[in-house]
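Working notes, structure below.
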Amino acid sequence: MERSRAEIVERIVYLKKISLVTGMIALAVILKFYEIPHPLASFLKYDASEIPLTILSILSIKYALSALPIYYLIPVLAGFDPIGMFMKTVASLSTFIPLTIIFRRFKESTVGAVLSITLSVLSRVAVMIFLNLIVTPFWLVFAGWAKDLESAWVAVLYVYLPQIIVFNVILGFIVASSSIGIFRVVRKTLYNLMS
């Protein structure tokens, strides 16, 4: 049975999209293995793995969301802490969703870029404060860094939370601004791959 030209073109576009998504996931996972610990809270680690996911989300939030389970699972299977990787995945999500929505809404303008970077950093910080208030006390007790939940709560509020805020502001800004900058440079190539 002979395929029509339209079917062949459609198949090629589909394969190009799958290749792009797979490549971005692979890049994100590889970059995850190159971490720099935050000086005052060693369980917080800087890495560039969120940048490919954020660029992918600017192209298609659907593709970025479909990449997250793989982005989570591969490092966990390689020995990364599942709780830390969960927190990293949620942080990524809380950064790239607002960035993408606002950046697209303002037609990828400079005003849109500044606004999307600012609001994505604020979103990341707010979500991670909330999540760390819930998760980190239990993690500190489980890891043996605190004797009980009461001392863990005190440590989170007065020692770790300020570091978590600083860490997420810095990493959120790096991820958001780098992603937009890289996207602007390779925009035509990426859109050609997606069509």
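Can you tell me which lysines have their Cα less than 27 Å from the Cα of Lys16? Leave out same-chain residues fewer than eight positions away.
Candidates past the 8-residue exclusion: Lys32, Lys62, Lys107, Lys188.
With θ taken as phi - 60° and the coefficients 6.51, -1.76 and 1.60, list the Karplus ³J(HN,Hα) couplings across the stretch 154-170 in order, rounded to whole Hz; mark glycine and proline as x.
The phi angles translate into 4, 4, 5, 5, 9, 10, 7, 4, x, 5, 5, 5, 4, 4, 6, 5, 5 Hz.
Between Leu44 and residues 5 or more places away or on another chain, which pairs have amide H atoms under 5 Å apart, with H built 1.01 Å from N, and which residues are they?
Amide H neighbours of Leu44: His38.
Please arrange Thr95, Thr54, Thr110, Thr118 by how many other C-beta atoms lie within 10 Å of their C-beta, fewest to most.
Exposure proxy ranking, most exposed first: Thr110, Thr118, Thr54, Thr95.
Relative contact order for the chain: what is it in percent, counting Cα pairs under 8 Å that are at least 6 residues apart?
Over the chain, the number comes to 23 percent.
Give me the log10 of I(q) over I(0) for the chain at q = 0.09, 0.16 Å⁻¹, as the Debye formula computes it from C-alpha points; what are the numbers?
-0.38, -1.00
I'd like the Karplus ³J(HN,Hα) series for the stretch 90-104: coefficients 6.51, -1.76, 1.60, θ = phi - 60°, whole numbers in Hz, and an x wherever there's a Gly or Pro.
Couplings: 5, 4, 4, 4, 6, 8, 7, 5, x, 4, 5, 4, 6, 4, 5 Hz.
Along the charge dipole of the stretch 18-95, Cβ charges K/R +1 and D/E -1, which of Ala78, Ala28, Leu44 sits furthest on the positive end?
Result: Ala28, furthest along the dipole toward the positive end.
Using θ = phi - 60° and the Karplus relation 6.51 cos²θ - 1.76 cosθ + 1.60, list the HN-Hα couplings for the stretch 60-72 in order, rounded to whole Hz, with x at every Gly or Pro.
Couplings: 6, 4, 4, 5, 5, 5, 5, 7, 4, x, 5, 4, 6 Hz.
Where a number appears in this text, it was derived from the coordinates with a stated rule and is not lab data. None of these values were measured; they are calculated from a predicted model. Methodologically, a virtual Cβ is constructed for each residue, glycine included, from the backbone with ideal geometry; neighbour enumeration extends over all protein chains shown.
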